[in-house]
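Worksheet for the structure shown next.
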């Protein structure tokens, strides 16, 4: 019985965690699109999906396509750490 209650409590907590505030996913999508467009020419819309795994971690998937990388601009580019 204890295991059942523990599992049920975990499901309830994860369920609560998956309820994102209204507009949250759209705000993330817009921000990601804005940032990516500074580095590349996007040729498709940006799709963002947010989910919570069994361990309670947020899983974020971002999908888009780009035609080209934007040429380096300014001093900020030189400050970027190498991959």
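Among the conditions (1) surrounded by 10 or more Cβ atoms within 10 Å (Cβ to Cβ); (2) modelled with pLDDT of 90 or more, the only one that residue 17 does not satisfy is (2).
For the stretch 44-62, the set of residues classified as in contact with a strand residue (DSSP E or B) (Cβ under 7 Å, 6 or more places away or on another chain) and either under 19 Å from residue 26 (Cα atoms) or touching a residue at least 40 places away in the same chain (Cβ under 8 Å) (or both) consists of 46, 47, 48, 49, 50, 51, 52, 58, 59, 60, 61, 62, listed by residue number. Within the stretch 28-83, being farther than 30 Å from residue 6 by Cα and modelled with pLDDT under 80 holds for 72, 73, 74, 75, 76, 77, 78, 79, 80, 81, 82, 83.
The values are calculated or read from the model by the stated rules, or taken from the named source; none is laboratory data. This one's a predicted model, so the numbers in the text were calculated from it and none came from an experiment. Note that we place each Cβ from the backbone using ideal geometry, even for glycine, and neighbour counts take in every protein chain shown.
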